[in-house]
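Down below is the structure, laid out as structure tokens.
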Amino acid sequence: MSDYVVSVVSNMGMIAFIALSAYILLVIGEISFGQQAYFGIGAYISGVLTAMWGWPLWLAMVLGCAVAGSAALIIGSLTLRLSGIYFAIATLSFAEMIRLGLLSVHVQVEIDGELVGPEGAEGFGDIRWIFENDVTPFEFMTVIYVLLVGVLTILFWVERSRLGTVIRMVGSDPLLAQAQGIDVVFYRLLATVFAGIIAGLGGSLYAHFATYIEPNVFNVMLGVHSLAYGLIGGLGTAVGPLIGVGLDIGFLEGVRVFQGYRMIAFGGLVAVLLIFMPRGILDEERVHRIKRWLERS
Amino acid sequence: MLTVGDVFTSYGMIKALNGVTLSASEGEITCLLGPNGAGKTTLMFTIAGILRAQAGSIKFDGQSIERLSAAKVVEAGIALVPENRLVFPTMSVEENLEAGAFIRVAKDRAGVDDDIERMYMRFPVLKERREQMAGTLSGGEQQMLALARALMSRPRILLMDEPSVGLAPLIVEDIFQIIRDVNADGMTILLVEQNANMALSVADKFYLLEHGRVTFEGAPGELEQDEVIRRAYLGTE
Amino acid sequence: MAIERELFAKMVDFVQNCIDGIMIGAAYGLLAIGFTIIFGVMRRLNLSFGPSIMLGAFFGTWAFLTLNAAPWMVLAITIAGTVITGIYVERLCFWAIRRDATIASMVSSFAIWMQLDEVAILMLPGRTYPFPEMFVSGGLNFGPFFVRAEHLVTLLVTILMVVGIRLLLYRTTFGLALRAVSESSDAAKYMGINPSRITFLAFILVSLIGGVAGYLLLATDQQVTPYFGLWVTFKGLIAMMLGGMGSIPGAIIGGLVLGIIETQTQWYLGNAFKDMSAYVVLFLALVLRPGGLLGQGIAERQDLAFRRV
């Protein structure tokens, strides 16, 4: 695999995490414009831990995810009463607060005669863990995909279990779910925290893959893209967001014909797709039909 | 005046009407009874042009209306009083009435103002509340407003969908008295009702609709009252 | 004496910030009105509102740069460009998509946003372009206070437009239909109103408003970048949410509050906190008072609907 292919494929893998994160919120019936905040938190926390404090990567990632998950818990609890556009804008505000906040974080330490650490809008470079530990890009890509498969396994397992049914019920009609004796608040927060952790995981991978991050990477465009991926791919299954990511980053990046017109092509494609498939390519109905077909054959 | 001939309507994959034939005569109150899910509201929506019939004909005064848009159906002289009233909640009572006369308010401002005054004479409670937001009216008042609003388009036939839904029995009596009064002034009415007792007390003719088909038609008294009520609620199985 | 003078100078600063805030906030208010009208008739969010205005302004700038168009021509072209783009967005993202598919419409309007950005960049590949100044420039002194002429024009045009919009909504048949569709598009249909026609006309109206607001903002700043689209969408959304959705006075008040918050924080805390403060206030407002500052919000309407049934 050429370096270019490895970097595109790795990118797809990392963006898939935040796309899945936005997808989980769509499943519980909420639109979030703010998942990039957890992605950014994961990136910054784990980056600081490895680059400045010399922690091992796995531990830094665990803590990055934990902080992202805690932030999701706090924001999730504060926004419990909100839904629809109110929820969307509240999450957007939070994410922008994080991004703008990071713009004024200047914490640097001297390591080997060089200043390392977040430097506001100048960004945070020299997150050199993979160089220091001789991890090749290909190996790191493998790590990304092993973790992605892990997350997907959890999601598929949830989808098939009672928990998945309960979460879909909370998403499609919270009042009805409540009337059925389901603890809506608990499941909503559970899904929100899990979504935060996944986004944090993606972010902590991203920081170490890119070795340089800056607050503006985690702007609202990233959030709305990840939201769109789920909707393009379909809300019926966790494969949906991956299709969206593949279509945008993989297909259009790969097909050089659209060079310079990529967004016109992609935007038009998505708009037309949504006219015919308003709940995405793999919506609930199609997923159901495919499952039945698989069972029969 | 209004004849529905062999109409088929589907909601997506579900067939709601399977060849309904009925007619409403001028100056009469025609009732449509039947259990939940029999297709009563679907029929109303199909006549009003909100849903499209897959097959069959709907004629109003001899003119085919089954292809007309909802707006054209209103212009032809058919007004719908929807289930659950659906008043415009944060608009005032008077604005609701104006909205009811939307199809002619631009051409005939004076006529609309006259009609609003006429509605206030008929429904004095609406006059008292003319500046109030419609969403703050009681259920019965909202039903009166919905009825008055429908009359504002100067229809020749009124389609009423479940006017008694969610109202206290005493209020239901009032509403049906108003229906009688409106009819006494010459308005043709097609009434969908769950409350078979009330409906039969005002109907000149009634139809029983079950599983998207008419299973009985006749005048009140032609079928044992208990039997009608039983079938109106439960259908025949 | 010295202390008093210092206090007076502080007061002057504060009031001057409020004046500047109100002037900028007036344009925010217009943007918020655009959002609130569209959200009202469709119950769907048009993320492409800002980018449509941005593209309209790029047409205006293009005409200014290549054809040397006069300010009033730039204004006309900006408005026309916004209206055409608005119609394109409406047809593709809203009219063509089922009315109940709200998320699909929103994502579609985002996809089209990407398109509009790229069209702007293809048209003028540099990042920043000058935008011609208004017919007037300079400013006026009122005692210790100073008001820029552009700001004064913005305020006056906003007042005129708000009065015009109010008359249109409350004194015309179109306004009646638009309000009826906003309250209940089903019931409006039963009255013989065609909701998709009203939506289409509302898009044209809103594009007109947006085109004017965009022109006022850009002619004050005298430069335009593709980021203007993002900026407009979020300023408009924030102002609308601050004031409470579904109300014209709310939109204006939200715009003014946003303008004042921004200028005050910029003055006292510095540029870095200008945008931050708006988001903090919005977040707190949403969490503490979901209906907005002026409460004819959806939350209250839903309450009303519950009480009714």
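The values are calculated or read from the model by the stated rules, or taken from the named source; none is laboratory data. Everything numeric in this text was worked out from a predicted model, so none of it was measured. As a convention, Cβ positions derive from the backbone with ideal geometry for all residues, glycine included, and neighbour counts pool all protein chains shown. In case anyone asks, the SASA skips ligands and DNA or RNA and just uses the protein heavy atoms, side chains included. Shrake-Rupley method; radii C 1.70, N 1.55, O 1.52, S 1.80 Å.
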Under 10 Å, Cα contacts only: if you run a Gaussian network model on chain C, which one of C:Met73, C:Met11, C:Met54 comes out with the highest mean-square fluctuation? C:Met11
For chain B, just the Cα set please: Rg and Dmax, both in angstrom. 17.3, 54
Extent of the protein assembly as shown along each principal axis, from alpha carbon coordinates, in Å, largest to smallest? 102, 80, 54
Mind grabbing the interface size between B and C? I mean buried accessible area, both sides, 1.4 Å probe, in Å² to the nearest hundred. 2200
Pick from A:Ile89, A:Ile198, A:Ile18 the residue whose mean-square fluctuation is largest in a GNM of chain A, springs joining Cα atoms under 10 Å. A:Ile89
Dipole size in debye (nearest 20) for the range C:2-308 around its Cα centre, Lys and Arg Cβ +1, Asp and Glu Cβ -1? 960
What is the diffusion coefficient of the range C:2-308 in µm²/s, taking the Kirkwood radius over Cα pairs and the Stokes-Einstein relation at 20 °C with a viscosity of 1.002 mPa s? 107
Computed curve, the range A:3-296, Cα-only Debye sum without solvent term, log₁₀ I(q)/I(0) at 0.10, 0.13 Å⁻¹, is -0.54, -0.91
In terms of the Cα gyration tensor, with a ≥ b ≥ c the square roots of its eigenvalues, is the range C:28-185 rounded because a/c is under 1.5, prolate because a/b exceeds b/c, or oblate? oblate
Mind running the shape call on the range A:1-107? Use the C-alpha gyration tensor, a ≥ b ≥ c as the square roots of the eigenvalues: rounded below 1.5 for a/c, prolate if a/b tops b/c, oblate otherwise. oblate
Yeah, the range A:187-297 with a ≥ b ≥ c from its alpha-carbon gyration tensor (a/c under 1.5 is rounded, else prolate when a/b outruns b/c, oblate otherwise) is oblate
Roughly what angle does helix A:3-27 make with the longest principal axis of chain A, taking Cα atoms, 0 to 90 degrees, to the nearest 10? 50
Nothing charged except the Cβ atoms of Lys and Arg (+1) and of Asp and Glu (-1): what's the magnitude of the dipole of the protein assembly as shown about its Cα centre? Round to the nearest 20 debye. 1040
What number comes out for accessible area per residue over the protein assembly as shown if the probe is 1.4 Å? Units Å², please. 42
Normalised radius of gyration for the range C:44-123, please: alpha carbon Rg relative to 2.2 N^0.38 Å, two decimal places. 1.19
In the protein assembly as shown, how many lysine pairs have Cα atoms under 21 Å apart, counting only pairs 8 or more places apart or on different chains? 12
Which one, C:Pro144, B:Gly12, A:Gly76, projects farthest toward the positive side of the charge dipole computed for the protein assembly as shown from Cβ point charges (K/R +1, D/E -1)? B:Gly12
Which ³J(HN,Hα) values, rounded to whole Hz and listed in residue order, are derived for the range B:71-88 from phi using the Karplus coefficients 6.51, -1.76 and 1.60 in 6.51 cos²θ - 1.76 cosθ + 1.60 with θ = phi - 60°, glycine and proline given as x? 5, 5, 5, 4, 5, 5, x, 10, 10, 10, 9, x, 4, 6, 6, 6, 6, 7
What are the ³J(HN,Hα) couplings of the range B:7-19, residue after residue, when phi is run through the Karplus curve with 6.51, -1.76, 1.60 and θ = phi - 60°? Round to Hz, x for glycine and proline. 8, 10, 9, 10, 9, x, 8, 8, 7, 9, 10, 10, x
List the relative contact order of chain B as a percent without decimals, with contacts defined as Cα pairs under 8 Å and 6+ residues apart. 30
Using a 1.4 Å probe on the protein chains only, how many percent of the accessible area of the range C:2-308 belongs to carbon and sulfur? 68
Phi-derived 3J(HN,Hα) across the range A:291-297 with the Karplus relation (6.51, -1.76, 1.60, θ = phi - 60°), rounded Hz, x for Gly and Pro, is 4, 4, 5, 5, 5, 5, 8
What 222 nm value per residue comes from the helices of chain B, counting each DSSP H run with n ≥ 4 as -39,500 (n - 2.57) and dividing by all residues, nearest 500 deg cm²/dmol? -11000 deg cm²/dmol
Mean Kyte hydropathy of -1.0 or more with a Cα span along the axis of at least 24 Å, helices from DSSP in chain C: C:2-42, C:49-66, C:71-89, C:102-123, C:149-171, C:195-221, C:248-269, C:272-288
Of the candidates C:Pro71, C:Pro125, C:Pro195, which one comes out as most mobile in a Gaussian network treatment of chain C with C-alpha springs shorter than 10 Å? C:Pro125
Per DSSP helix of 4 or more residues, -39500 (n - 2.57); summed, then divided by the residues of chain C. What does that give at 222 nm, rounded to the nearest 500? -26000 deg cm²/dmol
